[in-house]
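Below is one structure, written out as structure tokens; the observations come after it.
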Amino acid sequence: MSSLHYWNYPTEIFCGPGALDVLAERCALLGMTQPLLVTDPGMLDLEPMALVTDHLRQAGIRFAVFSDIASNPSLDDVARGVAAFKAGQHDALIALGGGSAMDAAKGISLAAVDAQGLDQYQWSNVIAHYPSLGHFAHLDLPRLIALPTTAGTGSELGREAVLTLSEQNIKRVISHPELLPASVILDPFLTRGLPPALTAATGMDALTHHIEAFCSPLYHPMSSGVAVEGIRLIQQHLCNAHHDGKDMVAREGMLVASAMAAVAFQKGLGGVHALAHPLGARYHKHHGLLNAILLPYVLVANRQAISQDIARLARYLELPQPDFEGFLDWVLHLRQRLGIAHSLGEIGIDTEAAQWVGEQALADISSSDTNACVLSAADYSRIFRNAVHGVLHGASA
Ligand SMILES: [Zn+2]
């Protein structure tokens, strides 16, 4: 994987060490004359920011930076971004960062053109009124180039943005086909400074995307195939990227696996995300960390529905024990190697809000019809309590 690659699946992707070099050319080809560079405040002093801004300056591209966003970007953050976009007369967006920067940039893109868009294209409306891509109005949204600096959310290959309604601690998913970035640059140099704990948490988010998509009962064999190979890439590369952040082969493998996950989860997500979304909004813990902790408990709850598929997956991964138990052991062992806690209690979450968590998880889009089996609010509350206390084998729904 030492050379550069160009793919168009489902949008154009430039992949490899130094792929950032195509940025200015892509801006020109996409007609982007004055982009707003959206990033999170923690990125401002880091190497990827210097690499990208130097590149843009050398190419003579006029740009401004917007970084006034929270780690879970809110509708208020987006509103400030729209104001900056309009005040600077920008015509396009570049997102540099993890999921927050991508989500904020997508929100800004939509809200800058359609003031009602963040309401109109929230998930419940999309399900009800836009059954296929062809049903969406063409909005001619500002073009977006995505430069991920983490390997986890896969948001660079998604048509969705997750935004928080600050006061209610609720996440809102926005979806529109034009939110898919026009160009994606997967350059492992942009991820080499990611600290080990974030490498682990974001990598486990990508793994969870693949596993939940693979276990989703929806019929979508193309996505299932992507998920299987994505999981193998994570098996091959995550521990190496965590152990040595300068390992460019591992970093590239994780970037590819993470991007693939967004293609896989066109098949849907499941109970892990249904629980992680309200927990992230309420307790402000890292999304990937929550997923990593929750994953084994939800696998056990789904066991009956998924054990055959998981056994097939375990054979592909060449696990020593190619069945559900062997796969569960692999996940637990991987988590341990990455230094991730076994229980939510270890990261300061208690069971006080168990009923609320169950209700919110049931209402989440990830639990609608894509978890492997039907779970009730009481089931979600029970899984949550087990995850708080670290009781794995009582998690069965
Ligand atoms: Zn996720």
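The values are calculated or read from the model by the stated rules, or taken from the named source; none is laboratory data. This is a predicted model, so every value here is computed, not measured. Backbone-built Cβ (ideal geometry, glycine too); neighbour counts: all protein chains shown. Protein only, heavy atoms only, side chains kept; ligands, DNA and RNA dropped before computing areas. Shrake-Rupley method; radii C 1.70, N 1.55, O 1.52, S 1.80 Å.
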Notebook entry, point to check: Condition test on LEU238, is it over 20 Å from ASN302 (Cβ atoms) and either buried (at least 23 other Cβ atoms within 10 Å of the Cβ) or touching a Ser or Thr at 6+ places or on another chain (Cβ under 6 Å) (or both)?
Noted result: yes
Next item on the list: State all residues of segment 356-377 that are in a helix (DSSP H, G or I) and either charged (D, E, K, R) or out of contact with any helix residue (DSSP H, G or I) (no Cβ under 6 Å at 6 or more places or on another chain) (or both); if no residue qualifies, say none.
Entry: TRP356, GLU359, ALA363
Check: If you take the residues of segment 279-298 that are in a helix (DSSP H, G or I) and open to solvent by 10 Å² or more (accessible area, probe 1.4 Å), which of them is nearest to the ligand (Cβ to nearest atom)?
Finding: HIS287
Next item on the list: For residues that are near the ligand (Cβ under 9 Å from one of its atoms) and under 16 Å from GLN355 (Cα atoms), scanning just segment 260-278, find the one that is most open to solvent (accessible area, probe 1.4 Å).
Entry: HIS277
Margin query: Tell me whether segment 145-152 contains one or more residues that are under 24 Å from ARG282 (Cβ atoms), under 13 Å from the mean Cα position of the chain (by Cα) and without any contact (Cβ under 8 Å) to a residue 60 or more places away in the chain.
Written below: no
Notebook entry, point to check: If you go through segment 77-116 one residue at a time, how many are out of contact with any strand residue (DSSP E or B) (no Cβ under 9 Å at 6 or more places or on another chain) and not small (Gly, Ala, Ser)?
Noted result: 6
Item checked: Complete set of residues in segment 125-149 that are open to solvent by 40 Å² or more (accessible area, probe 1.4 Å), polar (S, T, N, Q) and either in a loop (DSSP other than H, G, I, E, B) or more than 25 Å from ILE365 (Cα to Cα) (or both) -> SER132
Notebook entry, point to check: When you scan segment 150-222 for strands (runs of 3 or more DSSP E) that lie fully inside it, which ones turn up with 2 or more residues that are open to solvent by less than 10 Å² (accessible area, probe 1.4 Å) and away from the ligand (no atom under 16 Å from the Cβ)?
Noted result: 183-186
Notebook entry, point to check: Is it fair to say ALA274 is among the aliphatic types (A, V, I, L, M) and free of Cβ contacts under 8 Å to residues at least 40 places away in the same chain?
Noted result: no
Item checked: Whichever residue in segment 176-222 is among the hydroxyl-bearing types (Ser, Thr, Tyr) and at pLDDT 95 or above and, among such residues, is nearest to ILE310 (Cα to Cα) -> SER216
Check: Looking only at residues in segment 300-342 that are open to solvent by 50 Å² or more (accessible area, probe 1.4 Å) and outside any helix (DSSP H, G or I), which one is nearest to CYS239 (Cα to Cα)?
Finding: GLY339
